[in-house]
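Below is one structure; the comments refer to it alone.
The values are calculated or read from the model by the stated rules, or taken from the named source; none is laboratory data. As the structure is a prediction and not an experimental result, all values here were calculated from the model. Because the Cβ atoms are built from the backbone with ideal geometry, glycine has one as well, and the counts that use them run over all protein chains shown.
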Amino acid sequence: MTVPHVVCLGDLMVDVLARLPGPLAPGSDTPAPVRLTGGGAAANVACWLVAAGAQATFVGRAGDDALGRQAVADLIDAGVEARVSVDPQRPTGTCIVLVAPDGERTMVPDNGANAGLGEIAPDLPEHADALYVSGYALLGAGSRPFALEAMRIARERGWPIVVDAASAAPLQTDPDFLARLGRDVLVLANSDEALVLTELDDAAAAAQSLALRTGTAVVKRGAAGAVWSDGSGVRSVPAVPADVVDTTGAGDAFAAGFLAAWLAGVQVGEALVAGTQLGAHAVGTVGARPEHSPRKPRGTECSNSIRSSCARPGVT
């Protein structure tokens, strides 16, 4: 079985994650354990891909600050090739993540340097097997040109393109999201995102509707499994039982598990199972990234302005 190499393009964030013991107390205090963790959908997918046995290159932007240097170092420790440019003005993207006792997460993001992606040209490796684009990069006006140019380059090179729909709320304000993608894209969406994009609340019907617009689609259903369609039919699998601790990054883990298997040449049904298995693993851990031991990356290429951070500095 071949080892696929996926270029993951889009958001790099630092998550400020709080696990709430109960309901928030508005106007007062709700003591909870708080931790800084790696975040950003594209960066998360890259880390989960490596955990799934694939190779991953992350392409994105960070601020010229301690959080940005730590974010890049964390990617390198996870075995991801990091091609990260530095924004001299904006801070590294940050997201407040509130995790409820049932594991459901609510996010309050500050896009930070991610909004400046459109000011630079994509730095893509010469050889890869696919391009994964976080929907956040397409939803933001500042990052959209960067994502669309990367998709153009991927098409020239014959790479399959995978786009994650990202988040239901911002999709509601962007009626042209699907029209920008073209008809040769695999779209990943959860049930809420699929409902916004298709106005269909049946996962199979939504997957087929999306596939007719873009080529191929997978609708992630959480505890109900996942559905795939190429427009002519559907394939579904149930979820893998899991003890839910934190749903942050579960969709990113599913994407990585599915892509690592699908690009390696396994059948769609098996790839869906691989996605649900990795997603089930993700909900049993705290944070959006896989737990891992520090490891050497395959190779790391950063822009000149952040190259020194590739030596894994500490936060100062």
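Please find, among GLY118, GLY103, the residue that is of a type in the set (Gly, Ala, Ser) and within 21 Å of ILE161 (Cβ to Cβ). So that I can check it myself, show each step before the final result.
Working: GLY103 fails: within 21 Å of ILE161 (Cβ to Cβ).
That would be GLY118, the only listed residue that is of a type in the set (Gly, Ala, Ser) and within 21 Å of ILE161 (Cβ to Cβ).
As an exercise: evaluate GLN208 against (1) touching a residue at least 24 places away in the same chain (Cβ under 8 Å); (2) in a helix (DSSP H, G or I); (3) touching a helix residue (DSSP H, G or I) at 6+ places or on another chain (Cβ under 6 Å) and give the number of the one condition it does not meet.
For GLN208, the failing item is (3).
Would you be able to tell me the number of residues in region 268-293 that are more than 21 Å from VAL99 (Cα to Cα) and at pLDDT below 95?
Final tally of qualifying residues: 2.
Only strands (runs of 3 or more DSSP E) wholly contained in region 73-184 count here; list those with 3 or more residues that are free of Cβ contacts under 8 Å to residues at least 60 places away in the same chain. Talk me through it step by step, then tell me what you get.
Numbers: elements: 81-87, 93-99, 105-110, 130-134, 161-164.
Correct list: 105-110.
At least 2 residues that are among the β-branched types (Val, Ile, Thr), crowded, with 22+ Cβ neighbours inside 10 Å and at pLDDT 95 or above in each: list the strands (runs of 3 or more DSSP E) lying fully within region 212-267 that qualify. Walk me through it before giving the result.
Values: elements: 215-220, 226-229, 234-237.
Those strands (runs of 3 or more DSSP E) span 215-220.
So which residues in region 34-50 are among the β-branched types (Val, Ile, Thr) and either touching a residue at least 60 places away in the same chain (Cβ under 8 Å) or part of a helix (DSSP H, G or I) (or both), if there are any at all? Give the steps one after another, and end with the answer.
Just the residues of region 34-50 that are among the β-branched types (Val, Ile, Thr), to begin with: 34, 37, 45, 50.
Selection gives THR37, VAL45, VAL50.
Across region 129-164, what is the total count of residues that are within 14 Å of the chain's Cα centre (by Cα) and more than 14 Å from CYS8 (Cα to Cα)?
Counting residues in region 129-164 that are within 14 Å of the chain's Cα centre (by Cα) and more than 14 Å from CYS8 (Cα to Cα) gives 1.
Among the residues of region 28-77, what is the count of those that are within 14 Å of the chain's Cα centre (by Cα) and β-branched (Val, Ile, Thr)?
Qualifying residue count, region 28-77: 4.
What residue, of GLY38, GLY79, GLY53, is modelled with pLDDT of 95 or more and under 21 Å from TYR136 (Cα atoms)? Walk me through how you get there before you give the answer.
Working: GLY79 fails: under 21 Å from TYR136 (Cα atoms); GLY53 fails: under 21 Å from TYR136 (Cα atoms).
Only one candidate qualifies: GLY38.
Here's the yes/no breakdown for (1) surrounded by 24 or more Cβ atoms within 10 Å (Cβ to Cβ); (2) closer than 24 Å to ALA113 by Cβ; (3) among the acidic types (Asp, Glu):
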{"position": "TYR136", "(1), (2), (3)": "yes, yes, no"}
{"position": "SER143", "(1), (2), (3)": "yes, yes, no"}
{"position": "LEU148", "(1), (2), (3)": "no, yes, no"}
{"position": "ARG155", "(1), (2), (3)": "no, no, no"}
{"position": "PRO160", "(1), (2), (3)": "no, no, no"}
{"position": "VAL163", "(1), (2), (3)": "yes, yes, no"}
{"position": "THR173", "(1), (2), (3)": "no, yes, no"}
{"position": "ALA179", "(1), (2), (3)": "no, no, no"}
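In region 47-62, how many are in contact with a strand residue (DSSP E or B) (Cβ under 8 Å, 6 or more places away or on another chain) and surrounded by 23 or more Cβ atoms within 10 Å (Cβ to Cβ)?
Residues that pass the stated criteria total 11.
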